Amino acid sequence: MKTDNEIKSAKYYQSLLDDMSKRLEKALNVAADLEGKYQEVIRKNAELVATNEILIAELRKFKQLNGKPKSK
């Protein structure tokens, strides 16, 4: 009788561990996916910052030329 209860208890805890292992694996996969997306966002942000700097430089040139009379 005692052995049956111990076996049932062991099976119960084993099923909990198996479930937790599956959940952990899923969580790690989600974390890895999010890390990849995060790195892509960082890369895209760097590209946008570079583009923004180019546009700001062009705008500054335009503002400098805008006040000058046109050459004939």
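The numbers here are math on the coordinates, done by the rules we state, and not lab data. None of the values given here were measured: they were computed from a predicted structure. Positions of Cβ are generated from backbone atoms using ideal geometry, with glycine treated the same way; all protein chains shown enter the neighbour counts.
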- [ ] Report whether or not residue 29 is polar (S, T, N, Q) and under 14 Å from the mean Cα position of the chain (by Cα).
- [x] yes
TODO: Test each condition in (1) among the charged types (D, E, K, R); (2) within 15 Å of the chain's Cα centre (by Cα); (3) surrounded by fewer than 10 Cβ atoms within 10 Å (Cβ to Cβ) for residue 63 and report the one that comes out false.
DONE: (2)
